[in-house]
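Participant: Got a structure here, written out as structure tokens. Questions coming.
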Amino acid sequence: MSLSHRSHTRLSRGRAAGRSRTGVARLALLTLVVGCGDGPSSPPVDRLEADVAELRVTGSSATFRVTNTGDRAVGPVDLVASQLVDADGVEVPGRWVETTPSFISTLEPGASAAVVVRVLGSGTALPGTFAATVEARVDGTALADVRVVVEVRADDPLIVGGLEISAAEVAVRQGDGIPLQVRATDLNGAVLEGFTPSWRTRPAGAGIVLDGRFHPYRTGAVELIGQIGVVQDIVAFEVEPRGVGGRFEFVARGEELTYFTSDLWVYGDHAYLGTWGTRGGPGGVSGNTLFTWNVSGAPVRTAALQVEARTVNDVKVRDDGRLAVITHEGSDDGLNGFTLLDLANPAEPEPITRFTETLETGVHNVWIEGDWLYVVVDGPEGLRIVDISDPTAPRIAATYYAGSSFLHDVYVREGLAFLSHWDEGLIVLDVGNGIAGGSPETPVEIAHVPDLRGETHNTWYWPETGYLFIGEEDFGTPGIVHVVDFSDPRNPVEVANIESPGATPHNFWLDEDTGTLFVGWYGNGIQAFDVTGHLAGELDRQGRQLGGLAYDGSGGCGSRFRATCTWAPQLVDGRLFVSDRNRGLVELRWIRE
């Protein structure tokens, strides 16, 4: 997969993902009026005006203002720049015009905003005058535009005369992020600021540069070539193998062949496994049971709690180990929801209450955090946040829905709720973190990452590094684990990904002490990846796959009921437990080498 760096992940209506290339500059201010008329019955008018018809840029930047002279608020206003061209309309190589900001969220009637126009890049153009157009668009329609005139002199600082690229280390490991130093100078040798080279490698495809770091993909001799305009420089690297690995060993099994197994949660000496779907075709056995296993040694089943459901998809245990929750889907009585369980005797959970209020369509996943339960309701229902301070009388305190697609999973950490919202992507809510004043009763959206190709399935947040690991459950193409830089929560950016051909990922578990990501990859079994250090690019091409095991052979999910079908892993006190859809509970030993 080719992965590009995105500095802003939530595109506004009508805003292009990159620079607009219209080819020929316009010569005068154009003001378009959408909707006009006279009298009180006339519809409101959208109108934008710029304070200049022509903006001359003699240095690196200049500023104009755009004002809403219409009757109502407009927004978002997208500021889109055309290609820089000469007097004959021919594109100027290596240069472009950008605006700050790139869009204005809302302009009220009479309000105005400053727009800074910058000329970036380099080139070999002779001195002369060049032009571009900056358009202010609403819903794709240009309501105002400004002609930008750029004067290039013989001593223009945008003409790069020299380029030097260096790295602190040239003997490096595969996949490590090596910081690069870039020094660009003008024709007189003066240092130029703000220039980013274009990059390529020799051999081609031997690595990627993101955020000013080089991540090599292949081992051996690699040359990194940076270029600005017609000048370039080369850094030679000797790339060594990453030198990490590991292996899985089968330890024990708690076999279950009557039901399909769903999610698991291990707490102390006990593992709790849900059941999924119908096994054995029409008239077969439906997933209406929670199994409890004592795992202090080899797994021993201690209880099988049956509930009104056809799928008990999810199970979670509260941090204090006193309360658990299981979900209901497909109940014959039409009342789905969730059941809270008393774990006073962890070997035999006892139901406290079954809650079905407004949850009739079914509950797919949950997260329990103190006295709050975050509930994912099937279909176009979204999230319910439920007060369970009194487990005998749960109370819905808040709801949230993104407005399209459906919600698949929720994960809460450090007062942030991460919503895997399928084709809507990832949405993050403040539910007590403080970044936006949110709480469980008043959740506030702080971030949205829509560009994840769809099928956004689950999320793990690693606060120490700021990375999010987001699963994509796409059965049509190889599924991917997306890696998003969340160090700036207001501007999450996808920076890396992991692929494992042949199957799609399901749930995963991150050992944050060692930086090992364990992924349940359905028919591909359990996979382990090294996610230490600075992450960028295609991690599966960087020697980061530590090991994998299809412990019951190949065949996948549903093709042979006893083949490997890894649903979810969980690492507990150095022991790795796996829920396998086909065969129940599996315990593995992970040995990192």
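Participant: For the residues ILE234, ILE435, what sequence is obtained by ranking on other C-beta atoms within 10 Å, fewest first?
Facilitator: ILE234, ILE435
Participant: What ³J(HN,Hα) values, in whole Hz, does the Karplus curve 6.51 cos²θ - 1.76 cosθ + 1.60 give for segment 265-281 when θ = phi - 60°, with x put for Gly and Pro?
Facilitator: Each residue's phi maps through the Karplus curve to give 8, 10, 9, x, 9, 10, 10, 10, 10, x, 10, 9, x, 10, 9, x, x Hz.
Participant: Same structure, new question: Segment 63-125: which trypsin sites (Lys or Arg not before Pro) are DSSP loop and have at most 15 other beta-carbon atoms within 10 angstrom?
Facilitator: ARG72
Participant: 5 Å is the cut-off here: which amide hydrogens, built 1.01 Å from N in the peptide plane, fall below it relative to GLY254, excluding neighbours closer than 5 in sequence?
Facilitator: Correct list: LEU585, VAL586, GLU587.
Participant: Put +1 on the Cβ of each Lys and Arg and -1 on the Cβ of each Asp and Glu in segment 160-240; which of GLY207, PRO197, ILE225 then has its Cα farthest toward the positive end of the dipole?
Facilitator: Sorting the options by dipole projection puts first GLY207.
Participant: Could you give the length gained by full extension between GLU441 and VAL572, i.e. 0.36 nm per residue of separation minus their alpha carbon distance, to one decimal place?
Facilitator: Here the answer is 44.0 nm.
Participant: Only loop residues by DSSP count here, and only those with at most 15 other Cβ atoms within 10 Å; note down the GluC sites (Glu not before Pro) in segment 457-517 that meet that.
Facilitator: Listed in order of number, the matching sites are GLU464, GLU512.
Participant: Residues with amide H under 5 Å of GLY330's amide H, sequence separation 5 or more or different chain, H placed in the peptide plane at 1.01 Å from N; which?
Facilitator: It is ARG310, by chain and number.
Participant: Calculate one ³J(HN,Hα) per residue across segment 588-593 by plugging θ = phi - 60° into the Karplus curve 6.51 cos²θ - 1.76 cosθ + 1.60, and present them in order as whole Hz with x for glycine and proline.
Facilitator: Those phi angles translate into 10, 10, 9, 10, 8, 10 Hz.
Participant: Here's another thing I want to ask about it. Simple spin-label model, 7 Å along Cα-to-Cβ: THR399 to VAL191 in nm?
Facilitator: Label at THR399, label at VAL191, 5.8 nm between them.
Participant: Mind jotting down the distance between the C-alpha centroids of segment 503-575 and segment 218-244, whole Å?
Facilitator: If we compute the Cα centre of each part, the gap is 30 Å.
Participant: What is the Cα centroid distance between segment 44-98 and segment 390-450, reported in whole angstrom?
Facilitator: Answer, in whole Å: 38.
Participant: Sticking with this structure for a sec: Taking the number of other C-beta atoms within 10 Å as the exposure measure, put ILE388, ILE326, ILE396 in order starting with the fewest.
Facilitator: ILE396, ILE388, ILE326
Participant: Taking the Cα centre as origin and putting +1 on Lys and Arg beta-carbons and -1 on Asp and Glu beta-carbons, what dipole magnitude results for the chain, to the nearest 20 debye?
Facilitator: 1200
Participant: Whole-Hz ³J(HN,Hα) for each residue in segment 97-106, computed from phi via Karplus 6.51 cos²θ - 1.76 cosθ + 1.60 with θ = phi - 60°, x for glycine and proline: what do you get?
Facilitator: Couplings: 10, 10, 10, 10, x, 8, 7, 10, 4, 8 Hz.
Participant: Please report the relative contact order for the chain, taking Cα pairs under 8 Å with a sequence separation of at least 6, and give it as a percent rounded to a whole number.
Facilitator: So the answer I get is 10 percent.
Participant: Residues with amide H under 5 Å of GLY537's amide H, sequence separation 5 or more or different chain, H placed in the peptide plane at 1.01 Å from N; which?
Facilitator: Long-range HN contacts for GLY537: ALA496, ASN497.
Participant: Ok, one more. Can you work out the FRET efficiency for the pair GLN232 and ALA87, with r the C-beta to C-beta distance and R0 = 25 Å, to the nearest 0.05?
Facilitator: 0.30
Participant: If you work out volume of the Cα convex hull per residue in Å³ from the coordinates, which of [x] 182; [y] 298; [z] 233 do you get?
Facilitator: Given [x] 182; [y] 298; [z] 233, the calculated one carries the label [x].
Participant: Looking at the square roots a ≥ b ≥ c of the eigenvalues of the Cα gyration tensor of segment 246-592, which shape do they give, rounded for a/c under 1.5, prolate if a/b is larger than b/c, or oblate?
Facilitator: Cα axes put segment 246-592 in the rounded bin.
Participant: Mind listing which trypsin sites (Lys or Arg not before Pro) in segment 197-291 are in a DSSP loop and have 16 or fewer other Cβ atoms within 10 Å?
Facilitator: Filter output for segment 197-291: ARG218.
Quick note: the coordinates plus some simple rules give every number you see, no bench work behind them. Since we're looking at a predicted model, the values are computed, not measured. Glycine gets a Cβ as well: all are built from the backbone with ideal geometry, and neighbour counts include every protein chain shown.
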